Amino acid sequence: MINKLTLVIVMATYPIMGLTMPIHNPVPGGVAVIPIDMLENAIFNGTRILTLKNNSRAYAIVGIPLSAKPGNSEIIAGERKIGFTIKKYTYETQHLTIKNRRKVNPLPEDLKRITRERIEMNSAFRRFTTSIVPDTNFIPPVKGRRSSSFGLRRILNGQPRNPHSGMDIAAPEGTPIIAPANGIVVALGNYFFNGKTILIDHGYGLVTIYCHLENITVHLDDRLNKGSIIGSVGQTGRVTGPHLHWGVSLNNARIDPGLFLSDE
Ligand SMILES: [Zn+2]
């Protein structure tokens with residue numbers, strides 16, 4: 001028999017699909033959830049953004065780039081301008097030592113490859129696929145200890161590098177990785193910095209990336225169901241040990257994946 005308490009716990013653990021939205025946290029690297037009059041196209045910084053309906057209300061969901069300046073900002077929904085404020089948030093600095101120095105200071109012959117891979121990933125991040133309705137209630141892609149390292153300003157072997165654009169989840173090599181939501185595999189490869197990598201398009205500008213894999217078990221253009229296995233945790237590319245680097249991109253802005261996990 002199910003008592004009242006069990007029912008409450010079950011509902012909290014399995015939110016009804018479509019009723020859970022990303023967490024509103026309008027900081028650089030965060031998300032702004034903005035109510036709009038009706039479900040229509042919306043634009044931020046010249047880029048189309050995700051719009052969805054939740055409990056019969058329409059919302060625009062804006063990915064705010066880590067490079068965004070705090071202060072007044074706006075979206076355009078249909079004909080209407082809607083202002084919102086990007087709040088200031090300062091990320092900590094993290095020092096890391098990478099043993100393979102070539103992964104910090106690539107050789108001239110590596111640069112062509114790095115540029116090619118960057119173009120491949122960027123074109124995946126810029127997709128806006130309207131044939132898939134995104135499920136923004138992600139399940140964690142791997143079981144393991146989640147670090148709160150998103151956005152950290154990184155110093156590698158004493159040299160400043162780009163801020164950390166995802167969440168690192170520590171797990172033993174070989175741990176299965178699953179798709180956090182339905183989507184299509186839009187890029188994969190063995191990249192110089194990211195190692196064995198998969199990019200999944202979840203629709204409407206929501207794209208996720210999985211790096212440093214040991215094995216990739218999906219193919220380009222595969223349609224994935226939420227929870228299906230895509231590969232296993234490894235330590236390929238630039239790493240200090242086995243882990244999954246999981247990134248979430250919305251309207252081509254890399255944002256904190258934790259905002260898409262309802263159990264955070
Ligand atoms: Zn990482």
Worksheet item: Here is a list of conditions, (1) without any contact (Cβ under 8 Å) to a residue 12 or more places away in the chain; (2) not in a strand (DSSP E or B), and LYS81 meets all of them except one; can you say which number that is?
Response: (2)
Discussion item. Any residue at all in the stretch 194-203 that's in the same structural domain as GLN235 (by TED's automatic domain parsing), among the polar types (S, T, N, Q) and away from the ligand (no atom under 13 Å from the Cβ)?
Written reply: no
Practice prompt. Would you mind telling me which numbered condition in (1) open to solvent by 60 Å² or more (accessible area, probe 1.4 Å); (2) of a type in the set (A, V, I, L, M); (3) not assigned by TED's automatic domain parsing to the domain that holds THR236 ALA77 fails?
Written response: (1)
Worksheet item: In the stretch 216-237, what residues are over 10 Å from ILE178 (Cβ atoms), assigned to a loop (DSSP other than H, G, I, E, B) and open to solvent by less than 40 Å² (accessible area, probe 1.4 Å)?
Response: VAL218, THR236, GLY237
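Could you please let me know if PHE125 is crowded, with 19+ Cβ neighbours inside 10 Å, under 25 Å from LEU96 (Cβ atoms) and away from the ligand (no atom under 15 Å from the Cβ)? Walk me through how you get there before you give the answer.
Numbers: crowded, with 19+ Cβ neighbours inside 10 Å: yes; under 25 Å from LEU96 (Cβ atoms): yes; away from the ligand (no atom under 15 Å from the Cβ): yes.
So PHE125 fits the description; yes.
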Worksheet item: For the subset of the stretch 40-59 comprising residues that are within 20 Å of the chain's Cα centre (by Cα) and open to solvent by 70 Å² or more (accessible area, probe 1.4 Å), which member is nearest to PRO22 (Cα to Cα)?
Response: ARG48
Discussion item. Need pairs with beta-carbon distance below 6 Å; first residue open to solvent by 60 Å² or more (accessible area, probe 1.4 Å) and within the stretch 158-177, second more than 16 Å from the ligand (Cβ to nearest atom); sequence gap 6+ or separate chains.
Written reply: PRO176/ILE229; PRO176/SER232
Worksheet, complete the sentence: VAL62 meets each of (1) under 18 Å from PRO160 (Cβ atoms); (2) open to solvent by less than 70 Å² (accessible area, probe 1.4 Å) with one exception, condition (1)
Worksheet entry | Considering residues of the stretch 244-257 that are within 13 Å of the ligand (Cβ to nearest atom) and outside any strand (DSSP E or B) only, the residue least open to solvent (accessible area, probe 1.4 Å) | PRO257
Worksheet, complete the sentence: Reported set for the stretch 212-241 where residues are farther than 26 Å from ILE132 by Cα and among the polar types (S, T, N, Q) is ASN215, GLN235, THR236, THR240
Worksheet entry | Conditions (1) open to solvent by less than 10 Å² (accessible area, probe 1.4 Å); (2) within 16 Å of the ligand (Cβ to nearest atom); (3) not basic (Lys, Arg); number of the one not met by GLY241 | (1)
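Scan the stretch 204-238 for residues that are of a type in the set (A, V, I, L, M), closer than 16 Å to LYS143 by Cα and more than 16 Å from the ligand (Cβ to nearest atom) and jot them down.
Here is the first cut: in the stretch 204-238, the residues of a type in the set (A, V, I, L, M) are 206-207, 209, 213, 216, 218, 220, 224, 229-230, 233.
Imposing the further condition that a residue be closer than 16 Å to LYS143 by Cα reduces the set to 213, 229-230, 233.
Correct list: ILE229, ILE230.
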Response to the item:
Residue hits (the stretch 167-179; closer than 24 Å to PHE128 by Cα and within 16 Å of the ligand (Cβ to nearest atom)) are MET167
Worksheet item: Assuming ARG146 fulfils every condition listed in (1) open to solvent by less than 50 Å² (accessible area, probe 1.4 Å); (2) within 16 Å of the ligand (Cβ to nearest atom) apart from one, which condition is it?
Response: (1)
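The values are calculated or read from the model by the stated rules, or taken from the named source; none is laboratory data. The structure presented is a predicted model; accordingly, all values stated were derived computationally and were not measured. Reconstructed Cβ throughout: ideal geometry from the backbone, glycine too, with neighbour counts over all protein chains shown. When the accessible area is computed, the model is the full protein with side chains, heavy atoms only, and any ligands, DNA or RNA have been set aside. Shrake-Rupley method; radii C 1.70, N 1.55, O 1.52, S 1.80 Å.
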